[in-house]
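A short write-up of the structure that comes next.
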Amino acid sequence: MAYGKWIGGFLGWMAAGPLGALAGFALGSFFDSALSQGEGNEDPSGQGGRYTNSGTYGNGGRYANSGAYGSYTAQERQEEQRNSFRFSLLVLASYIIRADGKVMHSEMNVVRQWLRSNFGEAAVQQGQDIMVRLFEEQKRLGMAEFRTAVIDSCHQLSQFMPYEHRIQLLHFLVIIAQADGVVVHEEVNALRECALNLGLTDADLDGMLNLRDAGSSLDAAYKVLGVSPSATDEEVKAAYRQLALKNHPDRVATLGEDVRKAAEKKFQEINAAKETIWKARGL
């Protein structure tokens, strides 16, 4: 199975550290051969960039690189962002889905649909294959050690992935957890671990978990805006402006049309929370 489209624009910061180790396991020899290309070799993305490296990758080990892309175009940068987001989502989703000890068909379907809409039918089977390998790695390592790898991966993402992309990543993880209609305690804990180690906050997660009810529940609406019911009107307005700015769909446009559509739906739900509070306060 060819994984060229998965690593295109990928061999930058993600080739190092825990995400690189998980990519090596999930993508196998294809990833190893891509990393083995020396200075001046063509980037396996096929996007025309060049990758130089002086690192080595071992089984389950860390990859230390001093690589850089030359002639790095805006299109290549966008490709890197999309593929980094895509692989990161699968890694974190594999942790959230198994948090309650079960792999639910409804949760996997959310992942499949997102891959299909964003990357085409071929990516569905490839993504599912990667998820299966990540589930196998969980069993091989044990949940405690795999959890450490996930937390380390979140730290890596917090350093290199823009805030707007990380908050959208968390949004997708919440949608996956909610797919079967119930978010159990273990899933909430796993989501909270991911959120905090992604450099996000408890308030960010609580807001995401309450988005669906924000149009009908005043309590949920306040949680979406991250303010107390006792906050002043000015505090509520300021919280809404800040939340709307950080979650504007244009901020994730480079990640693809389906991601942008999900961000638009999220933005509408944030506005529904605002309207619920405004109506209750007579604003």
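With contacts defined as alpha carbon pairs under 8 Å and 6 or more residues apart, what's the relative contact order of the range 138-283 in percent?
Numbers: 142 pairs, mean separation 32.4, N = 146.
Across the range 138-283, relative contact order equals 22 percent.
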Across LYS223/LYS265; LYS223/LYS261; LYS102/LYS261; LYS102/LYS266; LYS223/LYS279, pairs whose alpha-carbon gap is larger than 19 Å: LYS223/LYS261; LYS102/LYS261; LYS102/LYS266
Distance in nm between pseudo-label sites at GLN113 and SER33 (7 Å out along the Cβ direction from Cα): 3.6
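Among 270-281, 132-143, what's the highest-first ranking by average C-beta atoms within 10 angstrom per residue?
Values: 270-281: 17.8, 132-143: 14.9.
The densest-packed peptide leads the list: 270-281, 132-143.
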Length-normalised contact order of the range 72-190 in % [C-alpha pairs under 8 Å, at least 6 apart]: 43
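Sorted by accessible area with a 1.4 angstrom probe, largest first, how do ILE175, ILE130 fall? Intermediate results must be reported in sequence, preceding the final value.
Numbers: ILE175 60, ILE130 0 Å².
So the residues, ranked largest to smallest area, are ILE175, ILE130.
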Average projected area [Cα convex hull, the range 95-140], square nanometres: 3.1
For q = 0.09, 0.15 Å⁻¹, Debye-computed log10 I/I(0) when each Cα of the range 160-283 counts as one equal scatterer: -0.24, -0.67
The range 194-209 - phi-based ³J(HN,Hα) in whole Hz, Karplus 6.51/-1.76/1.60, Gly and Pro as x: 5, 4, 5, 7, 7, x, 9, 10, 4, 5, 4, 5, 4, x, 5, 5
Vicinal HN-Hα couplings computed from phi for the range 211-219 (Karplus, 6.51 cos²θ - 1.76 cosθ + 1.60; Hz; Gly/Pro x): 4, 4, 9, 5, x, 10, 10, 5, 4
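The values are calculated or read from the model by the stated rules, or taken from the named source; none is laboratory data. None of these values were measured; they are calculated from a predicted model. Using ideal geometry, Cβ is built from the backbone for each residue, glycine included, and neighbour counts are taken over all protein chains shown. All accessible areas refer to the heavy atoms of the entire protein, side chains included, with ligands and DNA or RNA removed. Shrake-Rupley method; radii C 1.70, N 1.55, O 1.52, S 1.80 Å.
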